[in-house]
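A short worksheet on the structure shown next.
The values are calculated or read from the model by the stated rules, or taken from the named source; none is laboratory data. No experiment lies behind these values; they were computed from the predicted model shown. Every residue, glycine as well, gets a Cβ built from its backbone with ideal geometry; the counts of neighbours run over all protein chains shown.
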Amino acid sequence: MHKIFVLFFLTFAFSVSAQKRTNSQKVDSVLKLMTLEEKVGQLNQYNDNNLATGPVTIDNDKIGQIKSGQVGSLLNVLGSERTRSWQNVAMQSRLKIPLLFGQDVVHGYKTTFPIPLAEAASWDLDAIQLAARVAAVEASASGIHWTFAPMVDIARDPRWGRVMEGAGEDTYLGSLIAGARVKGFQGAHFGDTNAVMACVKHFAAYGAAVGARDYNSVDMSDRQLWEIYLPPFKAALDAGAASFMNSFNDINGVPATGNSYLQRTILKGKWGFKGFVVSDWGSINELVNHGFAKNDYEAAFSAITAGSDMDMESRSYKNNLEQLVKDKKVPVALIDDAVRRILLKKFELGLFDNPYKFSNVEREKLALNNASHTAAARSMAAKSIVLLKNENNLLPLSKQLKTIAFIGPLVKPLKQNKGFWDIEIPGVDSNFIVSQWEGLQNKVGATTNLLFAQGCEIEGDSKAGFAEAINIALQADVVILSIGERRDMSGEAKSKANITIPGVQEDLLKALLATGKPVVVLVNAGRPLVFNYTADNAPAILYTWWLGSEAGNAIADVLFGDYNPAAKLPMTFPVSVGQIPIYYNHFNTGRPAVSDTNHIYNSSYIDLSIHPKFPFGFGLSYTSFEYSDLKLSKHQFTKKETLEVSVTITNTGKYAGEEVVQLYLRDKVGSLVLPVKSLKDFKKVFLNVGESKKIKFLINNEKLSFYNAKLVWDSEPGDFDIMIGASSADIRLKDSFELIK
Ligand code: GLC
């Protein structure tokens, strides 16, 4: 008997040891070999020297520090060859721990997609995921392991330049988009050679900065934090996001980088996040500026204690962590936890097996801006264009038009179309970008005469170019005017107090309208702008955001009806900056505004409407849709049951097209006040002319729940309104139901 046991034990022991060690076991085996200096090195991230996305620290010894194992990651390293050369340096270190290369691949690498806010206007999760997928294929072919995206900050204030980077004001839509982008970036299997690690940012509530001034303070109730700002982060985590980036802002008095409640209690605790957190650029040392740390030593202490694992560019960890351990202020276990989290990702990405896995020049050549990628970008761009106005069906234009005058400062530029957070690849010129002018040239036939005049600059008060613009307008059958802000007027550190269209561009529109010619206006921007003159006087308006490298072709596809626009605004567009913050899912108050004229003791302005210029969820089509036959499977149900909702949508116009059918709910009475409506579902449906389709929705307890005063996510019995609409302000069908115990 004894012999059999021994034989069995030996066989079992052998099989375990021979078994492939898990990545976690590999991490532990490397950790055991590391000196404290090498451990701290893994927490240290530097910028490369040829591109900066933050305040630069001159450091001429990066090579030496990498060789001595004092650097774990680099950001802004562009191209296979450059990443390979930096990785070569790391392979000369004692333990040969590979570098992690991070990059802001936010809306494309070389093939540039519409800015994320524009993509959000498509409400097309598959297209959004594909855009991230393409970006990952190109970035990973260029040596990038890790993208600092998706940015999932809910934003209700268009003065904040970074609204361009997210998915707008709505938590439900923003959460779905966050998940889609993570899946697109990280691909089918984490560590695939054609995928990159996602980095969900900026944790948290960065979009609620006071005055919408970048990096400014945030102060909000825990209820609002949990109800509005945290869900997209949780959705990204649930989609498998492998890393997070914290935010520059302080929140309720504690800077995010030093915020244990955010990073340890919520992210790594309640949510069980096993990846790692990178600080935003320099934000650890900035704890001193916040007045949250007396000096860099204390800043490093606060950040590592609060769960910031990697230090982007501040050098606080490199300069202080060893001393903090020696001073017994920081247990080495805390350092080990951060190192483990980072090394685990390097193992999972396959970098220990092959540090050069992503740096493949041949693959890079085949991947960048190839035909399938440009086709995806063109399709995404067309889906992002919002038709805001189309009086007398001026659009779509006929391809048989004799003469078109294409006017404005944004007609011919190439790079402007890329928006902020585009990537300038060294040695790659901008000729792959399709300008708006070229897009029209590609579209119209030889019989159409295209005339161009710039008319004016984006900024400045010179009207010297008006005469030429008017002159060509008088020769044309139709005028297209492309105006807006410069691409670098939105993005990081681009907060604006004045969000009207700059310069004399709307004066140019006025002059062109005076010719009596029909004018189609393209508004290019990275944010909702205020453009009341244009909105009130132009017969047709397309909001073209910044559409990326296929902008010209996509705009032409929409102008001439080769794509019927279906996009819906992901953010509210104010009449005036004075209305901000303005968003659709507001509370009713005790004295709700009743009209734009009656201001007697109610929550309105005496000098301005409280209604937006264009509401959340708004967007027109070249066709029209009828909503009918709203049916509920029951009008009373318990939280354990599911309510089936159906509605019929019919295409009653002359063009085939898509409609984003939106479902809003209102919980009439709660233990807390609740929004007058909240988006709880939507379906984007294609209908041929005359076609009808029955759309179905399911309402479960999840969709009826909210964070109550104890921050418990649950529903409460009571009456609910259900609203089906073409926008948050265009409710076509209504009904109600009761949730019973
Ligand atoms: C910037 C941004 C962040 C970006 C990082 C690296 O300051 O806030 O979103 O990922 O630095 O470029």
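Here are the numbers for the structure shown:
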| read-out | value |
| --- | --- |
| Test result for residue 716, in contact (Cβ under 8 Å) with a residue 24 or more places away in the chain, assigned to a strand (DSSP E or B) and more than 30 Å from the chain's Cα centre (by Cα) | no |
| Conditions (1) under 18 Å from the mean Cα position of the chain (by Cα); (2) closer than 23 Å to residue 181 by Cα; (3) within 13 Å of the ligand (Cβ to nearest atom): number failed by residue 237 | (3) |
| Which listed residue is out of contact with any helix residue (DSSP H, G or I) (no Cβ under 8 Å at 6 or more places or on another chain), assigned by TED's automatic domain parsing to the domain that holds residue 436 and away from the ligand (no atom under 16 Å from the Cβ), from 467, 511, 497, 453 | 467 |
| Close pairs from the range 634-645: first more than 16 Å from residue 715 (Cβ to Cβ), partner buried (at least 17 other Cβ atoms within 10 Å of the Cβ) and among the β-branched types (Val, Ile, Thr), Cβ under 9 Å, at least 6 apart | 644/699; 645/695; 645/699; 645/722; 645/724 |
| Segments classed as helices (runs of 4 or more DSSP H), wholly inside the range 19-121, with at least 1 members that are buried (at least 24 other Cβ atoms within 10 Å of the Cβ) | 36-42, 62-67, 80-90, 116-120 |
| Failed item, numbered, when residue 534 is tested on (1) more than 16 Å from the ligand (Cβ to nearest atom); (2) of a type in the set (Ser, Thr, Tyr); (3) assigned to a loop (DSSP other than H, G, I, E, B) | (3) |
| The one condition in (1) aliphatic (A, V, I, L, M); (2) away from the ligand (no atom under 14 Å from the Cβ); (3) within 11 Å of the chain's Cα centre (by Cα) that residue 136 fails to fulfil | (3) |
| Inter-residue pairs, beta-carbon under 6 Å, first more than 22 Å from residue 348 (Cα to Cα) and in the range 226-250, second in a loop (DSSP other than H, G, I, E, B) and more than 15 Å from the ligand (Cβ to nearest atom), 6+ apart | 226/711; 228/154; 229/154; 250/217 |
| Options 495, 482, 462, 549: the member that is outside any helix (DSSP H, G or I) and either of a type in the set (Val, Ile, Thr) or surrounded by fewer than 18 Cβ atoms within 10 Å (Cβ to Cβ) (or both) | 462 |
| In the range 295-331, the residues that are polar (S, T, N, Q) and either touching a strand residue (DSSP E or B) at 6+ places or on another chain (Cβ under 8 Å) or surrounded by 18 or more Cβ atoms within 10 Å (Cβ to Cβ) (or both) | 302, 308, 314, 316, 320 |
| Sole residue being in contact (Cβ under 8 Å) with a residue 12 or more places away in the chain, within 16 Å of the ligand (Cβ to nearest atom) and over 22 Å from residue 150 (Cα atoms), chosen from 287, 321, 334, 351 | 287 |
| Index of the failed condition, residue 57 passing every other in (1) out of contact with any helix residue (DSSP H, G or I) (no Cβ under 8 Å at 6 or more places or on another chain); (2) away from the ligand (no atom under 16 Å from the Cβ) | (2) |
| Tally, over the range 178-193, of residues that are more than 16 Å from residue 353 (Cα to Cα) and more than 16 Å from the ligand (Cβ to nearest atom) | 8 |
| Some residue of the range 97-110 being within 19 Å of the chain's Cα centre (by Cα), modelled with pLDDT of 95 or more, among the polar types (S, T, N, Q) and farther than 29 Å from residue 319 by Cβ | no |
| Test result for residue 44, over 34 Å from the mean Cα position of the chain (by Cα) and of a type in the set (S, T, N, Q) | no |
| Filter pass, residue 313 being within 16 Å of the ligand (Cβ to nearest atom), under 27 Å from the mean Cα position of the chain (by Cα) and either more than 19 Å from residue 100 (Cβ to Cβ) or basic (Lys, Arg) (or both) | no |
| Filter result (free of Cβ contacts under 8 Å to residues at least 60 places away in the same chain, assigned to a loop (DSSP other than H, G, I, E, B) and more than 34 Å from the chain's Cα centre (by Cα)) within the range 498-530 | 514, 515, 516 |
| So residue 88, is it farther than 16 Å from residue 343 by Cβ and either within 15 Å of the ligand (Cβ to nearest atom) or polar (S, T, N, Q) (or both) | yes |
| Cβ pairs under 6 Å, 6+ apart, first in the range 441-470 and modelled with pLDDT of 95 or more and of a type in the set (Lys, Arg), second surrounded by 15 or more Cβ atoms within 10 Å (Cβ to Cβ) and assigned to a loop (DSSP other than H, G, I, E, B) | 443/560; 463/504 |
| Of all residues in the range 290-310 being over 28 Å from the mean Cα position of the chain (by Cα) and among the polar types (S, T, N, Q), the one that is nearest to the ligand (Cβ to nearest atom) | 302 |
| Residue 157 being crowded, with 24+ Cβ neighbours inside 10 Å, within 14 Å of the ligand (Cβ to nearest atom) and in a loop (DSSP other than H, G, I, E, B) | no |
| Single match in 213, 181 (criterion: crowded, with 24+ Cβ neighbours inside 10 Å and of a type in the set (Lys, Arg)) | 181 |
